[in-house]
There are 6 protein chains.
Amino acid sequence: MELLIVKDKRIDYDGSAIKSHWAYRNFGILGNSIVVFRGRCDVKVEEMIDIEDLRANKEIKSDDMVHYIIEIFDFPSVLLASALQKLFIAKLCEVLGNYDIKTFRKGDDIYVNNKKLSISIATVSPVSMKIHIGINVEAKGIPVDVNAVGLKEIGIKNIEKFMEESGNALKAEFEKVKKDSLKVRWTE
Amino acid sequence: MELLIVKDKRIDYDGSAIKSHWAYRNFGILGNSIVVFRGRCDVKVEEMIDIEDLRANKEIKSDDMVHYIIEIFDFPSVLLASALQKLFIAKLCEVLGNYDIKTFRKGDDIYVNNKKLSISIATVSPVSMKIHIGINVEAKGIPVDVNAVGLKEIGIKNIEKFMEESGNALKAEFEKVKKDSLKVRWTE
Amino acid sequence: MELLIVKDKRIDYDGSAIKSHWAYRNFGILGNSIVVFRGRCDVKVEEMIDIEDLRANKEIKSDDMVHYIIEIFDFPSVLLASALQKLFIAKLCEVLGNYDIKTFRKGDDIYVNNKKLSISIATVSPVSMKIHIGINVEAKGIPVDVNAVGLKEIGIKNIEKFMEESGNALKAEFEKVKKDSLKVRWTE
Amino acid sequence: MELLIVKDKRIDYDGSAIKSHWAYRNFGILGNSIVVFRGRCDVKVEEMIDIEDLRANKEIKSDDMVHYIIEIFDFPSVLLASALQKLFIAKLCEVLGNYDIKTFRKGDDIYVNNKKLSISIATVSPVSMKIHIGINVEAKGIPVDVNAVGLKEIGIKNIEKFMEESGNALKAEFEKVKKDSLKVRWTE
Amino acid sequence: MELLIVKDKRIDYDGSAIKSHWAYRNFGILGNSIVVFRGRCDVKVEEMIDIEDLRANKEIKSDDMVHYIIEIFDFPSVLLASALQKLFIAKLCEVLGNYDIKTFRKGDDIYVNNKKLSISIATVSPVSMKIHIGINVEAKGIPVDVNAVGLKEIGIKNIEKFMEESGNALKAEFEKVKKDSLKVRWTE
Amino acid sequence: MELLIVKDKRIDYDGSAIKSHWAYRNFGILGNSIVVFRGRCDVKVEEMIDIEDLRANKEIKSDDMVHYIIEIFDFPSVLLASALQKLFIAKLCEVLGNYDIKTFRKGDDIYVNNKKLSISIATVSPVSMKIHIGINVEAKGIPVDVNAVGLKEIGIKNIEKFMEESGNALKAEFEKVKKDSLKVRWTE
């Protein structure tokens, strides 16, 4: 799994990065990848993946987020995509724990002090699994009905350092999952 | 996913419960299941799944453990088995966190104060995925080269209550993974 | 598998209900489902799934039909979709047999007295299998080259009762298929 | 799909024919196949596939049966094996209907006048799907707790002709399932 | 696998033949197929499959090519599509070897005397694998930065005969691959 | 894909190396691998994979061979195993061509001057694909009904160098197959 942390520019997320081969088309990265970048979030309705959100006419917006776009080409299944998503979220909670921040994970959502820190979606394309995770840097520009919080408000000021630590943690987690899957014999 | 918590008897784990349909053969439970039980652990060499352990001639033993045997029949893959295993371990850490116990997860191992609390393996049969997790109740009967700890030593005295809480937590986690996998549209 | 029988309104079928997640988008039903409803049938060319029909410039029309839209998320394959479709059609013939109606099944078509009672298609989306079955209530508005018949003409007057009986029969059939798949050990 | 109807000899069924490649090992038939033969039935416990039967200590016996051993190499899944099994059973009921015999299908069992005519099992090997269907020729040598009936008792005297008709009907059914799976475009 | 060699007309290749069911829509060929035809090549940008080419703004053009469009419905995977593509290219090199032409295969490209003879792409649709191979008849109308060669320049004058020989060779190769996959037992 | 060329010792091939995880159990190599070694060949009947050979009571023997054991964990299918096997054989013919040796490939067999140079088998385990290729070093100890030839007889004296060249060529071929599978968008 290749990890790219984009530091030299901001990239806004409008939902289109969830399409297959986004990392290859934009950065020339072949195969399993995590791209971490920072930018606004404003998901266009036609790019929304969560039908529950579509049915509820939800808006998905934030002025400043750290984004993770993960693509995994191993045999695609929505169940695996959803399981990996929850595992990545749990790992991010562990990374936040290293900052002595107490989190509460509810499926694919991260809460700190009952405030929502993150958004996430996981799905499949016909050739891959795609996961987006967004973490608020500041709780600005977020739909008013969401009680949100951002990294800066919980004490993480060095966003670049957090992008590196968390990106590397997600990469290491996936590689552990993969490695362990190769060292076990099958059972009857 | 059906959850069975065996309270009326002890069941020793010798590794054979990792075979497919163990829950159906022994308890009549069809389909996805978690069986939680308590008993000794002494894995016979011929039942060992982890080839790394086999190569290292490791012993897998404990006098008293809480065991989780999980079987999932959705399309079997070692990668999904390994991802779900890590997610279940992360969930158990969160359950322990509710007891104000600080854990460190290293892949599929749980540590408390640098001492090993658990063992785990995940693999596939030709029809299902199988995961075993064992948590020491007391750090007794464990190979001497392992610096181990048990639930009682970290303050969890009511083992039955822990079996119920943790069993329900794992079941809820899987059902959330499954539900989320069904509510997303695919992407291009 | 969830069964919804729509009784409070008519829904016309233009072919678009064959798309994935139609039941979730329209009725909030997650996962495997059968939706039974009544309405006109006029399949738009751009929604036609059967390339044989497209090549033959066939029209698919009827003024009044009972429709079944089935979606199954277990690992999608066109072969399984096609096998389940034939099984559902056979089941519908058995339901009609309970009314002492003698049917002739030809693959996915039901005939009564050499007249065509039904239409059907089965295919996959990237995340699910989708089956449509339509049964004429009356043989009206059907392309003139089709020698058709409807439920009312073969003695079934209580259409709502038939919708319930047949919907429940299809649901029970699928659940039997699923249950049996979980209780067998694999063979060498 | 190749069809072989063994007429020149009797073959007893002890359950071992359910293993993969049985038709290739014994008759040189490569790929998808149906082998129809006649002989006793006495399934050894170690060959039993249905864990429900194993749990109930059931005996599976009959002095004289028509047997169908079906192997399908298209992507193996227990769900597809189970769906095809039910479809083949439904087809056999239709064949019996052509003899004006009224049948009642209950999943994978055929009943005539509330008496059990058949046994069946469907499962997977790591490379294929395997289905066994057995139809009593006469209700002899069957466990006493089973209220059974045979082909001869319901008026089918020409067993060879029935073997041919039914074998060809199953083959045609599978080929229709396969053909239809190839002529449909996928849906969104 | 069905083989169609189109001799009575020229068909230009603009990339759209890479879509699923092209052979069925255009020639009524169901299932696995190879269609061999001759015509210009000018792949429209919106039909380009190779993202590497898209990123490099490559043009894919030739005035006169022999084209092979292969579709295989056995369980689709990009890895299998890519492996079969390379095997088909190796087979074409062997066919050229029968003309005493010395080729150099570089993945999915054929070179003769360091000049490029062919283009190729392999991918999946949601229901099938699709491969296109194009072999220059003459090195005309090819992007100037490509050092190309054509069949006529290396001594193959009878293009129809080559279309037949090579088409039959590819069909035989696939059928050997398929047959061998059916005659092996699985291993532990 | 990891490549190991065993130079410091001979390893005899009795067929058991075809089992899954052989490279990990014996050399600690995790994941996709090619192990190249030299030794006798005498396949025990119980390890034979090719049922055609079993049916013909063939012996598989040679006094001195270069062996390739390839294991690939990407989604196992017998069709992909068989396709990769033919591609690897074609690649070995190309390597031999670099020595100016003219070969004739017949599926998975290599002939030089109508004499058989190699043996090969490809199959699946429940977790991987396994391929064995054996190339005679000298045509000794081979069943008398086989008209065989060895590397030394066709002019390749430096066996270690050939093991390295061919091992690297197979590894490069697989990596090209894999890489190309990741850089193409899917088609409709």
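Derivation of every value follows stated rules applied to the coordinates shown; laboratory data play no part. Remember, it's a predicted structure, so these values are computed and weren't measured experimentally. Cβ coordinates were reconstructed from backbone atoms using ideal geometry, including for glycine residues, and neighbour counts include every protein chain displayed.
Say we look at region E:142-172 and pick out the residues that are among the small types (Gly, Ala, Ser) and part of a loop (DSSP other than H, G, I, E, B); which of these is nearest to E:CYS41 (Cα to Cα)? The selected residue is E:GLY150.
Here is a check on your reading of the model: is F:ALA148 buried (at least 17 other Cβ atoms within 10 Å of the Cβ) and touching a helix residue (DSSP H, G or I) at 6+ places or on another chain (Cβ under 7 Å)? Can you show your working first?
Numbers: buried (at least 17 other Cβ atoms within 10 Å of the Cβ): yes; touching a helix residue (DSSP H, G or I) at 6+ places or on another chain (Cβ under 7 Å): no.
So F:ALA148 does not fit the description; no.
Looking only at residues in region F:91-103 that are within 12 Å of another protein chain (Cβ to nearest Cβ) and assigned to a loop (DSSP other than H, G, I, E, B), the one that is nearest to F:ILE135 (Cα to Cα) is F:THR103.
The residues listed here are D:PHE27, D:PHE88, D:PHE75; of these, the one that is within 14 Å of another protein chain (Cβ to nearest Cβ), closer than 26 Å to E:LYS183 by Cβ, within 14 Å of the chain's Cα centre (by Cα) and of a type in the set (Phe, Trp, Tyr) is D:PHE88.
Among the residues making up region C:153-175, a single one is among the small types (Gly, Ala, Ser), in contact (Cβ under 8 Å) with a residue 24 or more places away in the chain and surrounded by fewer than 15 Cβ atoms within 10 Å (Cβ to Cβ): C:GLY155. Residue count for region D:154-184 satisfying the condition of being out of contact with any helix residue (DSSP H, G or I) (no Cβ under 6 Å at 6 or more places or on another chain) and within 14 Å of chain C (Cβ to nearest Cβ): 9. Checked against (1) over 30 Å from E:PHE75 (Cβ atoms); (2) within 14 Å of another protein chain (Cβ to nearest Cβ); (3) under 15 Å from the mean Cα position of the chain (by Cα), D:ARG40 passes all but a single condition, namely (2).
The residue that is nearest to C:SER16 (Cα to Cα), counting only those in region C:110-122 that are within 12 Å of the chain's Cα centre (by Cα) and β-branched (Val, Ile, Thr), is C:ILE121.
Taking the stated definitions as given, is D:ALA81 of a type in the set (Gly, Ala, Ser), in contact (Cβ under 8 Å) with a residue 24 or more places away in the chain and not in a loop (DSSP other than H, G, I, E, B)?
Working: of a type in the set (Gly, Ala, Ser): yes; in contact (Cβ under 8 Å) with a residue 24 or more places away in the chain: yes; not in a loop (DSSP other than H, G, I, E, B): yes.
Taking the combined requirement at face value, the residue satisfies it.
Taken together, the residues in region F:21-35 that are part of a loop (DSSP other than H, G, I, E, B) and closer than 15 Å to B:ARG55 by Cβ amount to 4.
For region F:126-138, name all the residues that are touching a residue at least 60 places away in the same chain (Cβ under 8 Å) and either part of a strand (DSSP E or B) or in contact with a strand residue (DSSP E or B) (Cβ under 6 Å, 6 or more places away or on another chain) (or both).
Selection gives F:SER128, F:LYS130, F:ILE131, F:HIS132, F:ILE133, F:GLY134, F:ILE135, F:ASN136, F:VAL137, F:GLU138.
The set of residues in region D:48-78 being β-branched (Val, Ile, Thr), farther than 22 Å from D:ILE11 by Cα and surrounded by 21 or more Cβ atoms within 10 Å (Cβ to Cβ) consists of D:VAL78 alone.
Restricting attention to region A:107-125 and to residues that are charged (D, E, K, R) and part of a strand (DSSP E or B), the residue that is nearest to C:PRO76 (Cα to Cα) turns out to be A:ASP109. If the condition is being closer than 30 Å to F:LEU79 by Cβ and part of a strand (DSSP E or B), then region D:51-78 contributes D:HIS67, D:TYR68, D:ILE69, D:ILE70, D:GLU71, D:ILE72. Screening region C:104-133 for residues that are away from chain D (no Cβ under 14 Å) and buried (at least 24 other Cβ atoms within 10 Å of the Cβ) and picking the one that is nearest to C:ASN57 (Cα to Cα) gives C:SER118. Among the residues of region F:30-47, those that are without any contact (Cβ under 8 Å) to a residue 60 or more places away in the chain and surrounded by fewer than 20 Cβ atoms within 10 Å (Cβ to Cβ) comprise F:LEU30, F:GLY31, F:ASP42, F:LYS44, F:VAL45, F:GLU46, F:GLU47.
All told, E:ASP8 meets the bar of being outside any helix (DSSP H, G or I), among the acidic types (Asp, Glu), free of Cβ contacts under 8 Å to residues at least 12 places away in the same chain and away from every other protein chain (no Cβ under 12 Å).
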